[in-house]
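Below is one structure, written out as structure tokens, with a few remarks after it.
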Amino acid sequence: MAKQKSIFNCTQCGTQHSKWMGQCQGCKEWNTLVEEVEIKSKPDPRAWSGEQAAAKPIRIEDVEHHSVQRFPIQDFEFSRVLGGGVVPGSVTLLGGEPGIGKSTLLLQLALSFSGTVAYISGEESPSQIKLRGERIGKAVSELYLLSETKTDAIFNHLKSVRPHLVIVDSIQTLHVPHVESTPGSVAQIRESAASFIRYAKETGTPVLLIGHINKEGSIAGPKILEHMVDVVLQFEGDPNLLYRILRAHKNRFGSTHEIGLYTMEQGGLYGVENPSELLVTKQHDGLSGNAVAVMVEGVRPMLIELQALCSTAVYGTPQRSTTGFDTRRLNMLLAVLEKRCGFRLGQKDVFLNVTGGLKVDDPGLDLAVVAAILSSNGDDPITGKVCFAGEVGLTGEVRPITRVEQRIKEAEKLGFETIYISGHHQIEKSHYDIAIVGLKKIEELVQAQFL
């Protein structure tokens, strides 16, 4: 009989311990060790056994290099994030909140893929998947559905189907028979992912894995899972709001600076080609506290609307509340306005909202945040087609930002007449039809817009 031994694995870094400890000795995180049963004498068979010959060391000069032909996909936003299509033999991990639309996104991709697709689900039956596919309104005869969780049975079916693309929903539901632990444990996730990685590399078939996330917002399971795969994508957004954002946290075959923007509707997810027109309502004429910022998500410029509300604090301690913006950054900007410009905001409640449900961290939004706060504080609306793009420093200076030319062109394309930027930028203003106002101090914004 095989000898069993209990080990304790860290869910963050995968370090093994012989006994339970409050703190992991590898990553120094607390309360991350889980107990699992390890079988010593039982062999460790490979869940996927290819027919390729054993690998041999090759000099780098002798390696034959061929240009990689990516598989095209119809989803332009997904293709943009991946870098232009799906790379053969790649393994992509997609994570996101429950109900955010991960399964819907990959089912749409499978239905529009030009080739044979195997959709493996451990959470839904084939009839449920078909019902969701009919709601999306698309159908392809080369999509094969399989409701299975055992990896050995899955690979037997894949040998007969020979798909061009494999989708697994989700990696936490798979079960490797030779690992004596429950599905979703560290060992099961690690071995299941390793099996699909071997399958992808030996057959050249791209694999898309869906992963659950934990309460901290990271993908559930060992951290080594993100190191094993080629691409890590995060699907973000508030399930109660309209927009979804697809980000690349890791991409071995492209840039991690691209994002994809979707809208969730009854018929599925739809890519947004021009997000600025949707995020800016242009219905706030005559209302104070509104400002339009020109931000950059990755390499994609877009305009968003910021709303601020300043009111006298009813209670002893003023409130500072933000939605989609860093609260600590807001407190810093309020301190700059009080210290450098003389505005008494210490006894006022300040609320800031980024419309559309987006979460942004671009420092180029500072100037628009300041403008929205000053507009609400003095009840002075920002009139005209005006937008802002600049970072505010602790001394009150307006600092230069990246990709300012792209921001100016995006504002000009949407019909804005004036844009406020840092005066330290070396911009040839005659090349643009939009009026460019350079600011070196935050006091100059107060004089130009609110006096």
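No value in this document is a laboratory result; all are computed from the given coordinates. Please read all numbers here as calculations on a predicted model, not as lab measurements. So basically every Cβ, Gly included, is an ideal-geometry build from the backbone, and we count neighbours across all protein chains shown.
Mind checking the dipole of the range 277-449: about its Cα centre, +1 per Lys or Arg Cβ, -1 per Asp or Glu Cβ, Debye to the nearest 20? Display every interim value, and only then the final one.
Details: 19 positive and 22 negative charges, 77 e Å.
Once rounded to the nearest 20, the dipole reads 380 debye.
Going through the cross-link list 413/440; 409/429; 159/250; 150/201; 385/429, which pairs have a Cα-Cα distance over 22 Å in this structure?
413/440; 159/250
With a 10 Å radius around each residue's Cβ, average the other Cβ atoms per peptide and rank 91-103, 318-330, highest first.
On the way: 91-103: 20.8, 318-330: 15.3.
With the highest mean Cβ count within 10 Å placed first, the list reads 91-103, 318-330.
Cross-link partners among aspartates and glutamates for residue 348, C-alpha distance below 19 Å, same-chain residues fewer than 8 apart left out?
Candidates past the 8-residue exclusion: 326, 338, 379, 380.
Can you tell me which aspartates and glutamates have their Cα less than 13 Å from the Cα of residue 5? Leave out same-chain residues fewer than eight positions away.
Excluding near neighbours in sequence, the set is 35, 36, 38, 180.
Sort 59, 190, 244 by Cβ crowding within 10 Å, fewest neighbours at the top. Could the numbers behind the result be given before it?
Numbers: 59 6, 190 20, 244 26.
Ordered from fewest to most neighbouring Cβ atoms within 10 Å, 59, 190, 244 come out as 59, 190, 244.
Summing -39500 (n - 2.57) over the DSSP H runs of n ≥ 4 in the chain and dividing by its residue number, what mean residue ellipticity at 222 nm do you reach, to the nearest 500 deg cm²/dmol?
Calculated mean residue ellipticity at 222 nm is -7000 deg cm²/dmol.
Counting only DSSP beta bridges with both residues in the range 70-273, tell me the antiparallel percent, nearest 5.
Among the beta bridges of the range 70-273, antiparallel pairing accounts for roughly 40 percent.
Using alpha-carbon pairs under 8 Å, 6+ residues apart, how would you state the relative contact order of the chain in percent?
Relative contact order here is 12 percent.
Going by average Cβ density within 10 Å per residue, which order do the peptides 267-276, 287-296 take, highest to lowest?
Most protected by this proxy first, the peptides run 287-296, 267-276.
Mind giving me the nanometre distance, one decimal, between the label points for residue 270 and residue 6, set 7 Å out from Cα along Cα→Cβ?
5.6
For the range 363-372, just list the computed ³J(HN,Hα) in residue order, Karplus coefficients 6.51, -1.76 and 1.60, θ = phi - 60°, integers in Hz, with x standing in for Gly and Pro.
Running phi through 6.51 cos²θ - 1.76 cosθ + 1.60 with θ = phi - 60° gives x, x, 7, 4, 5, 5, 5, 4, 5, 5 Hz.
What share of the DSSP beta bridges in the chain is antiparallel, in percent to the nearest 5?
Antiparallel bridges make up about 55 percent of those DSSP assigns within the chain.
Determine ³J(HN,Hα), in whole Hz, for all residues of the range 419-429 in sequence, where each value follows from phi through the Karplus function 6.51 cos²θ - 1.76 cosθ + 1.60 and θ = phi - 60°; x replaces Gly and Pro.
Residue by residue, the range 419-429 yields 9, 9, 9, 6, x, 7, 6, 9, 10, 7, 5 Hz.
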